[in-house]
Amino acid sequence: VVLSVSGDSELARIGLQPKDVILEINRKKINTVSDFKNNLNAKAKAIGMLISRDGQTLFLSYSSKD
C-alpha cells in the first residue's frame, strides 16, 4: 500500500496516489516492499504499473523522453 508520494516524483507524475495498492510493475507481481524496490528500476525507459484503487484495477504508465 502506498503511504505517500512525493509531489515532484515520476510516480506522482504518472498518477500514483496514497492508498493505492501496487499489484505489478512491468508485469512482475509485487508482494512486498522489497519486490517494489527491486522492480522499480530508475534506469528503465518505461514503467507500467497495475494498481488497485478504491476497488478498481488501473494501469499507470510512464515513458521517458531519453
*Just need a number here: residues in the range 33-66 that are open to solvent by less than 40 Å² (accessible area, probe 1.4 Å) and of a type in the set (Val, Ile, Thr).*
2
*(1) closer than 15 Å to residue 11 by Cα; (2) at pLDDT below 90: which one isn't true of residue 50, the others all being true?*
(2)
*Just one of the numbered conditions (1) open to solvent by 70 Å² or more (accessible area, probe 1.4 Å); (2) more than 16 Å from residue 59 (Cβ to Cβ) is not true of residue 5; which one?*
(1)
*Is there any pair linking a residue in the range 33-54 that is more than 11 Å from residue 16 (Cβ to Cβ) to one that is part of a loop (DSSP other than H, G, I, E, B) and open to solvent by 50 Å² or more (accessible area, probe 1.4 Å), with Cβ under 7 Å and at least six apart or on different chains, and which?*
39/26; 45/66; 48/26
*Which is surrounded by 15 or more Cβ atoms within 10 Å (Cβ to Cβ) and free of Cβ contacts under 8 Å to residues at least 12 places away in the same chain, of 22, 30, 14?*
30
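The values are calculated or read from the model by the stated rules, or taken from the named source; none is laboratory data. Values in this document were obtained by computation on a predicted structure and should not be read as measured data. Neighbour counts are summed over all protein chains in view; Cβ atoms, including those assigned to glycine, are modelled from backbone coordinates with ideal geometry. Note: areas computed on protein heavy atoms with side chains; ligands, DNA, RNA excluded. Shrake-Rupley method; radii C 1.70, N 1.55, O 1.52, S 1.80 Å.
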